[in-house]
Amino acid sequence: MEFQHEDGRYFLEKNGKVIAQITYTVINDGQTYSINSTVVDPSLRGQGIAKQLLDTIVADARAKKMTIKPVCPYVKEAFLRYPDIYQEIEYKS
């Protein structure tokens with residue numbers, strides 16, 4: 001799935017309406033994405049869209065040699081559930 005990107009978010013739009021998005025701020029002198037929120041329209045839930053959004057921003061962070069600070073509950077849970085995937089990219093203060 002191809003997500004759109006603009007500063008502060010990756011998102012999916014359909015008919016002019018945002019139906020899924022993950023939002024972030026850049027912290028730690030531009031070295032870390034702090035993921036603040038993950039929202040998926042109820043019609044898309046259970047299809048793995050939130051994980052695809054997360055994996056998109058993780059790939060971006062890896063390419064830029066950045067880290068990720070999980071703030072939103074979904075991302076915190078994903079980082080705990082899949083340490084083999086996310087542990088090396090997690091920001092540790």
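The values are calculated or read from the model by the stated rules, or taken from the named source; none is laboratory data. Small disclaimer: the values here were computed from a predicted structure and weren't measured. Every residue, glycine among them, receives a Cβ derived from its backbone with ideal geometry; neighbour counts consider all protein chains shown. Note: accessible area is taken over every heavy atom of the protein model, side chains too, but ligands, DNA and RNA are not part of it. Shrake-Rupley method; radii C 1.70, N 1.55, O 1.52, S 1.80 Å.
Could you please find all residues in the range 12-41 being in a strand (DSSP E or B) and either among the basic types (Lys, Arg) or on the phi > 0 side of the Ramachandran plot (or both)?
Those that are in a strand (DSSP E or B) and either among the basic types (Lys, Arg) or on the phi > 0 side of the Ramachandran plot (or both): LYS14, LYS17.
Give me the pairs: first residue in the range 6-33 and small (Gly, Ala, Ser), second residue surrounded by fewer than 18 Cβ atoms within 10 Å (Cβ to Cβ) and not in a strand (DSSP E or B), beta-carbon distance under 7 Å, and six or more apart or on different chains, which are they?
As it stands, the answer is ALA20/ASP41; ALA20/LEU44, since those pairs meet every condition given.
Got a number for residues in the range 42-51 being surrounded by 12 or more Cβ atoms within 10 Å (Cβ to Cβ) and outside any helix (DSSP H, G or I)?
Qualifying residue count for the region: 2.
So which of ILE19, ILE27, ILE57, ILE35 is open to solvent by less than 60 Å² (accessible area, probe 1.4 Å), more than 9 Å from the chain's Cα centre (by Cα) and closer than 24 Å to PRO83 by Cα?
Of the residues listed, the single one that is open to solvent by less than 60 Å² (accessible area, probe 1.4 Å), more than 9 Å from the chain's Cα centre (by Cα) and closer than 24 Å to PRO83 by Cα is ILE27.
Kindly indicate the residue of the range 67-80 that is out of contact with any strand residue (DSSP E or B) (no Cβ under 6 Å at 6 or more places or on another chain) and either surrounded by fewer than 19 Cβ atoms within 10 Å (Cβ to Cβ) or of a type in the set (S, T, N, Q) (or both) and also nearest to PHE11 (Cα to Cα) among those meeting that condition.
Among residues in the range 67-80 that are out of contact with any strand residue (DSSP E or B) (no Cβ under 6 Å at 6 or more places or on another chain) and either surrounded by fewer than 19 Cβ atoms within 10 Å (Cβ to Cβ) or of a type in the set (S, T, N, Q) (or both), the one nearest to PHE11 (Cα to Cα) is PRO73.
Report yes if some residue within the range 19-31 is modelled with pLDDT of 95 or more, farther than 20 Å from LYS92 by Cα and among the small types (Gly, Ala, Ser); otherwise report no.
yes
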